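The next block holds one structure in the form of structure tokens; read it before the comments.
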Amino acid sequence: MSSSMDCLSSKDNKHETTPPPNRAPWWTSETVAVVTGANRGIGHALAARLAEEGLTVVLTARDEARGEAAAAALRARGLRSVRFRRLDVTDPASVAAFAAWVRDELGGVDILVNNAAVSFNEIDTNSVEHAETVLRTNFYGAKMLTEALLPLFRRSAATSRILNISSQLGLLNKVRDPALRRMLLDEASLRERDIERMASRFLAQVADGTWRGQGWPEVWTDYAVSKLALNAYSRLLAARLAGPGRGGGVSVNCFCPGFTRTDMTRGWGKRTADEAGRVAAGLALLPPEQLPTGKFFKWSTPHVYSKL
Ligand SMILES: NC(=O)c1ccc[n+]([C@@H]2O[C@H](COP(=O)([O-])OP(=O)(O)OC[C@H]3O[C@@H](n4cnc5c(N)ncnc54)[C@H](OP(=O)(O)O)[C@@H]3O)[C@@H](O)[C@H]2O)c1
């Protein structure tokens, strides 16, 4: 299991993204970064790292007390630019209230990191008992928040970016169903409604107990399908936002941190949340001339989803 959860094979152990050159950063203390699910784990480490770099960081969490405590802990470390706001990515009212607050209080957003996610499996189990919650959080939640915040991006191609924390468990090479693979690979005709239909089909099979042997990813299947959907949506969104027009100029990439020691893995993993958060922050802060769109970063190496 650990090797299948890990993103960093030895052949990938190279950095194709060049570290930022030693020069003034493109961001300022006015640059606003929103991180979801940042009260613990990788999201917390990432929020801390962005605050250390001097950005205004909105640390969000679904639980008021846990979020306040996490933000206070960072402020106690001298990271005064950290602000807390409650946000449950599965709750449309919470998402709408959050977007209104970002608009009214901060005037916009520059970086969105969709990090919040759930998995209910132990390392070596594969139950789909909570599949609906998993899909609703990891895919629909990230999508709902993204669409709510899109009008609030400041629209500078240099600074507007979305980083979706995903997983290689949801890559195309994990899909055994040839028709599904074909659909997801056909970048010219794939539509958002196809991705939503795929998610609904999976949930319907879970409900009637027929999901096994249907060609879905075999490890942490509900979680993998949620990330498969997130990856496909990210690719479409990157294409949608690549040109001029509404939302144009916002880059969209995914990042797999690899097998990381957090609550999600019950403390198992090859690296710490701080190590993963540091790499994620580096990607979120890539210099404009190095910032791709529509890529899947396995650790710090960018790939095209359909080649994986
Ligand atoms: N750890 C790994 O090995 C690994 C590998 C690949 C990818 N990832 C991805 O990395 C990201 C972070 O994972 P992690 O390992 O740091 O997990 P984690 O420690 O379990 O943290 C998950 C975070 O998401 C929050 N969350 C869950 N449901 C939410 C909701 N409805 N609204 C808002 N926040 C919600 C949790 O809040 P509560 O505290 O309230 O529950 C928590 O802050 C996830 O996207 C995960 O899929 C992790």
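FYI, it's all coordinate maths here, none of it is from the lab. Keep in mind the model is a prediction, meaning the values are calculated, not measured. Cβ placement follows ideal geometry from the backbone for every residue including glycine, while neighbour counts extend to all protein chains displayed.
Below are the figures for this structure:
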{"read-out": "Percent RCO, i.e. relative contact order, over region 146-227, from Cα pairs under 8 Å lying at least 6 residues apart", "value": "43 percent"}
{"read-out": "At R0 = 45 Å, FRET efficiency that the Cβ-Cβ distance of residue 91 and residue 173 yields, to 0.05", "value": "0.85"}
{"read-out": "Highest to lowest packing among 34-47, 250-263, 79-92, 117-130, scored as the average C-beta count within 10 Å", "value": "34-47, 250-263, 79-92, 117-130"}
{"read-out": "Acute angle (nearest 10 degrees) that the helix 273-284 long axis makes with the longest principal axis of the chain, alpha-carbon atoms", "value": "80 degrees"}
{"read-out": "Using a Förster distance of 30 Å, the FRET efficiency for residue 155-residue 75 (Cβ separation, nearest 0.05)", "value": "0.50"}
{"read-out": "Cα-centre dipole for region 50-135 with unit charges at Cβ (Lys and Arg positive, Asp and Glu negative), debye to 20", "value": "500 debye"}
{"read-out": "Gyration tensor verdict on region 40-98 (Cα atoms; rounded if a/c is under 1.5, prolate if a/b is larger than b/c, oblate otherwise)", "value": "prolate"}
{"read-out": "Extension reserve of the residue 28-residue 189 stretch, reckoned as 0.36 nm per residue once the Cα distance is removed", "value": "54.0 nm"}
{"read-out": "Qualifying aspartates and glutamates (Cα of each under 19 Å from Cα of residue 270; at least 8 residues distant if same chain)", "value": "6, 12, 122, 124"}
{"read-out": "Relative contact order, percent, the chain [alpha-carbon distance under 8 Å, six or more residues apart]", "value": "23 percent"}
{"read-out": "Region 193-308, relative contact order in percent, only Cα pairs under 8 angstrom and at least six apart counted", "value": "21 percent"}
{"read-out": "Using alpha-carbon coordinates, inclination of helix 192-208 to the longest axis of the chain, degrees", "value": "60 degrees"}
{"read-out": "Full-stretch length increase - residue 129, residue 196 - with 0.36 nm per residue and alpha-carbon distance subtracted", "value": "22.1 nm"}
{"read-out": "Two-site label geometry, residue 182 and residue 304: point separation in nm, points 7 Å out along Cα→Cβ", "value": "2.1 nm"}
{"read-out": "Fraction of beta bridges assigned by DSSP in the chain that are antiparallel (%, nearest 5)", "value": "10 percent"}
{"read-out": "Stretch gain in nm, segment residue 290-residue 219, where the contour uses 0.36 nm per residue and the Cα spacing is subtracted", "value": "22.2 nm"}
{"read-out": "Tensor-based shape of the chain (alpha-carbon gyration tensor, a/c under 1.5 rounded, otherwise prolate or oblate)", "value": "rounded"}
